[in-house]
Amino acid sequence: MGCNIKMIEGKFDVVFRGQTIKSMDISLVKQNLVSLFRSSPAAIEKLFSGDEVAVRKSLDYGTAMKYQS
């Protein structure tokens, strides 16, 4: 996935840009994101708008790296 990490004052934001690995099925990616973020399919669909979206904010480094993975 196209997640990046931004650091602000020692805390990290996980940012999603709507990019996926070409070999991944987009519907499976979206389904996995619904489970990961315990969210609705409609909310996950908004992540693929083409805009940069912060999906988690003010995380410690270890937690941010888990989301990025």
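A simple charge model with +1 on the Cβ of Lys and Arg, -1 on the Cβ of Asp and Glu and nothing else charged puts the dipole of the chain at about 100 debye relative to its Cα centre.
Summing -39500 (n - 2.57) over the DSSP H runs of n ≥ 4 in the chain and dividing by its residue number, what mean residue ellipticity at 222 nm do you reach, to the nearest 500 deg cm²/dmol? That calculation yields -10500 deg cm²/dmol at 222 nm. For every other residue with a beta carbon closer than 13 angstrom to the beta carbon of S39, add +1 if it is Lys or Arg and -1 if Asp or Glu, then tell me the sum. Cβ neighbours under 13 Å give a net charge of +3. Pull up the cross-link candidates among the lysines for K57, meaning alpha carbon to alpha carbon under 23 Å and not fewer than 8 places away within one chain. Here the lysines satisfying the reach criterion relative to K57 are K6, K11, K30, K46, K66. With the whole protein complex present, K11 retains an accessible surface near 90 Å², based on a 1.4 Å probe. Over the chain, accessible surface divided per residue gives 70 Å², non-protein components excluded, 1.4 Å probe.
With a 1.4 Å probe and all protein chains left in place, how much of the accessible area of the chain comes from carbon and sulfur atoms, in whole percent?
51 percent
Between N32 and K46, the simple spin-label model (points 7 angstrom out along Cα→Cβ) gives 2.3 nm.
So I have (1) 35, 24, 21; (2) 36, 19, 14; (3) 49, 22, 16, and one of them is Cα extents along the principal axes in Å calculated from this model. Which one is it? Given (1) 35, 24, 21; (2) 36, 19, 14; (3) 49, 22, 16, the structure-derived one carries the label (1).
Relative to the longest principal axis of the Cα atoms of the chain, the long axis of helix 26-37 makes an angle of roughly 40 degrees.
The values are calculated or read from the model by the stated rules, or taken from the named source; none is laboratory data. In this text, all values refer to a predicted model and were calculated from it rather than measured experimentally. Ideal geometry is used to build each Cβ from the backbone, glycine not excepted, and the neighbour counts take in all protein chains shown. Surface areas here come from the heavy atoms of the whole protein model, side chains and all, with no ligands, DNA or RNA. Shrake-Rupley method; radii C 1.70, N 1.55, O 1.52, S 1.80 Å.
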